[in-house]
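No value in this document is a laboratory result; all are computed from the given coordinates. Keep in mind the model is a prediction, meaning the values are calculated, not measured. Cβ atoms come from the backbone with ideal geometry, glycine included; neighbour counts cover every protein chain shown.
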Amino acid sequence: MTDTAISTEPTAYRSFIDSLPFDPYKLDQEGLQILSTIRYDPSLTRKVPETVGDVKKANFFLFADHIERLQFTADFFTSSLKHEKLVEDLFPYEITEKFIFDQLRNSLFESQVRLDLPMKVRLLLKLNGEVIVELHETPIRPNLLDGLGEDFPISDRYDLYVNSEPALASPFTSFKTTQRDVYTNARNRSLPGLRPGKEEVILFNTANEVMEGSITNIAVKNENGQWVVYVELLERC
């Protein structure tokens, strides 16, 4: 690489950032919420919970993994703000399994929902310490690890589209938060609206690597049946 090429890279990068309708690195301390979507499922324990007291951590699918991700995400954002505000002022509590579990059970109790049916739990953590729990109905699934088989109804399958331009990787694509401009813009730009509610856009980064869907994760197997972390996007199809 020549000296000229090296010297122009920062300018080109800055121009790209300036061309975006939003700052991909700006942190909104007041509005940012760390997000985790957890499945509550009564079938994950031998006894179906009848009261909130019967609900176990095991009823929340991959509970420990969700806590670990929340801790990692919170550590990242509080560390990035340590020169602007005391970390203790941002998170006045420790994110532990017990703390989150208590928040989830309190929400189940206050909402008086049916505990014999599965739910999608949307857990939101604000940087000021506020915790918000939303509960939504979700379909029953006998096997949570089976994926979608060939017999999955065609009418329920999504049409997939590839984003029409690369997405810039940032903390808001690396971590799950409510700052979702990059995903909203990709959907508005790339989805034709032919099947509302059944369309998804796949994002790829400036290195031409698949990132994720706007509302989905991506899992890829190679020709040998092995799972791979990411796949290079060779064709836009």
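Structure summary
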| quantity | calculated |
| --- | --- |
| Student exercise, segment 33-137 dipole from Lys, Arg, Asp, Glu Cβ charges, in Debye to nearest 20 | 260 |
| Cβ-based exposure ranking for F172, F152, in which fewest neighbours within 10 Å come first | F152, F172 |
| Positive-pole candidate from L115, L44, A74, dipole of segment 33-137, charges at beta carbon | L44 |
| Cα-based shape type of segment 153-228, given that a ≥ b ≥ c are square roots of the gyration tensor eigenvalues and the cut on a/c is 1.5 | oblate |
| Amide hydrogen neighbours beyond the local backbone of T177, cut-off 5 Å, H modeled | L35 |
| Share antiparallel - DSSP beta bridges, segment 153-228, percent rounded to 5 | 50 |
| Estimated distance in nm for a label pair at E110 and T138, the labels positioned 7 Å out from Cα along Cα-to-Cβ | 2.1 |
| Simple label model, 7 Å out from Cα along Cβ direction - V220 to F99, nm | 3.7 |
| Sorted peptide list for 173-179, 154-160, criterion being average Cβ within 10 angstrom, highest first | 173-179, 154-160 |
| Lys pairs under 15 Å by Cα in segment 33-137, provided they are eight or more residues apart or on distinct chains | 6 |
| For peptides 129-141, 205-217, sequence by mean Cβ density within 10 Å, most packed first | 205-217, 129-141 |
| Cα-derived Rg to Rh of segment 33-137, Kirkwood definition | 1.02 |
| Dipole in debye (nearest 20) - segment 153-228, about Cα centre, beta carbon charges: Lys, Arg +1; Asp, Glu -1 | 200 |
